[in-house]
Amino acid sequence: MDLSFEQTEALKELINIGVGRAASTLNEMLNTHITLKIPRISIQKIEEYIKERSYNKEDEIEPYSSVQMKFEGPFAGSAGLLFPNKSAAKLVSTLLNEADITDQMDELKTGTLSEIGNILINSIMGAISNILDSHLDYSVAEYSEGKYKQILQQSTENSSILLIAETQFEAKKMRISGEIIIVFTLKSFGILKQALDNII
Amino acid sequence: MKNILIVDDSIIMRNWIKKILSNNNYDCIEAKNGLDGLNKIEQNNIDFVFLDLLMPEYDGFYLLEKLKEQKSEVPVVILSADIQISSKQKCEKLGIKEFINKPPSKEKLLMVLEKYMKKDD
């Protein structure tokens, strides 16, 4: 079930196209210059990732904010944007020039993060589906908070393959790191591989 | 003043559009989903609708179908984060004239209002 080098490079390129579009969209919406970088993308089986991640002690302490959307179509799964809570609050306060956003849940913070997640996920999955000549149906973006493992387990139910793109938001001299996580069912991943082969 | 209905579950997006339109002498009414939008159309004299597609409980397609049943002539423009070509084609088949990706520029918002809103006699 591994991707070939060419398939991996094609998928990374699609993600970068989507992220580039998202950055442009977010710049427009928030009237702030934002740079989005994806320094690293990894693809692996979920069980392997959960095992690796179990050694990260900070996951037991740090709460995370997450925006997730399910998708269905020729390939199915879910896509999400995850930040440590404190980073999420910092991102929102930086973008909205609101110094007093705390990391407690509130409508402005959740609304902004939900919209950022909505735009970013739509941009990435839309780039993938357009280039692969597919159509995906999405669920409404859902915001949630919790420990990393808990959020991951919610999004990986019935799915097997995990794509993680480390994401860096840079705005107003602040750098805030998060993760884009895309999970695929095993069958979907096979279909995705075939679709990638058609464009390589 | 013309009444513009903004149907979107995102408070951020509603506020953003409302700010642009209010600064250009439009009155704005908000709705959080398709059913809320339908109720607002029935309760108010709506001149134009900006409609998101993906919303909880009652989505944009629900409202579009209801307006079609009622043979409504209110102009509707879709605003969506969905960039898929296939989604745009689906809306075109429902008779939607404009499909704009979120967030729309101020110029684009005002341009479609000018283009599609009925002029007073």
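The values are calculated or read from the model by the stated rules, or taken from the named source; none is laboratory data. Keep in mind it's a predicted model, so treat the numbers as computed, not measured. FYI the Cβ positions are ideal-geometry reconstructions off the backbone, even for glycines, and counts take in every protein chain you see. Remember, those area values only see protein heavy atoms, side chains included, never the ligands or the DNA or RNA. Shrake-Rupley method; radii C 1.70, N 1.55, O 1.52, S 1.80 Å.
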Legend entry - Qualifying strands (runs of 3 or more DSSP E) (wholly inside the stretch B:23-120; at least 3 residues being touching a residue at least 40 places away in the same chain (Cβ under 8 Å)): B:48-51
Inset, instruction - Among what's in the stretch A:123-135 and is under 21 Å from B:Pro103 (Cβ atoms) and more than 7 Å from chain B (Cβ to nearest Cβ), pick the residue that is farthest from the chain's Cα centre (by Cα). - result: A:Ala127
Legend entry - Filtered residues of the stretch B:87-100 (kept if open to solvent by less than 70 Å² (accessible area, probe 1.4 Å) and at pLDDT 85 or above): B:Ser87, B:Cys91, B:Ile96, B:Glu98, B:Phe99, B:Ile100
Legend entry - Candidates A:Thr25, A:Thr32, filtered to the one that is part of a loop (DSSP other than H, G, I, E, B), within 14 Å of chain B (Cβ to nearest Cβ) and surrounded by fewer than 23 Cβ atoms within 10 Å (Cβ to Cβ): A:Thr32
Legend entry - Condition met for B:Ile4 (in contact (Cβ under 8 Å) with a residue 60 or more places away in the chain, outside any loop (DSSP other than H, G, I, E, B), touching a Cys at 6+ places or on another chain (Cβ under 9 Å) and within 14 Å of chain A (Cβ to nearest Cβ)): no
Legend entry - Checklist (1) within 14 Å of chain B (Cβ to nearest Cβ); (2) assigned to a helix (DSSP H, G or I); (3) of a type outside the set (A, V, I, L, M) applied to A:Ser93, failing item: (1)
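This table checks each residue for (1) crowded, with 18+ Cβ neighbours inside 10 Å; (2) closer than 21 Å to A:Ile41 by Cβ; (3) more than 7 Å from every other protein chain (Cβ to nearest Cβ).
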site	(1), (2), (3)
A:Lys109	yes, no, yes
A:Ser114	yes, no, no
A:Ile121	yes, yes, yes
A:Asp137	no, no, yes
A:Ala141	yes, no, yes
A:Lys147	no, no, yes
A:Gln153	no, no, yes
A:Leu163	yes, yes, yes
Inset, instruction - Starting from the stretch A:171-187, take each residue that is in contact (Cβ under 8 Å) with a residue 60 or more places away in the chain and list its partners that are basic (Lys, Arg) and not in a loop (DSSP other than H, G, I, E, B), counting only C-beta distances under 7 angstrom and pairs at least six apart or across chains. - result: A:Met174/A:Lys90; A:Ile176/A:Lys90
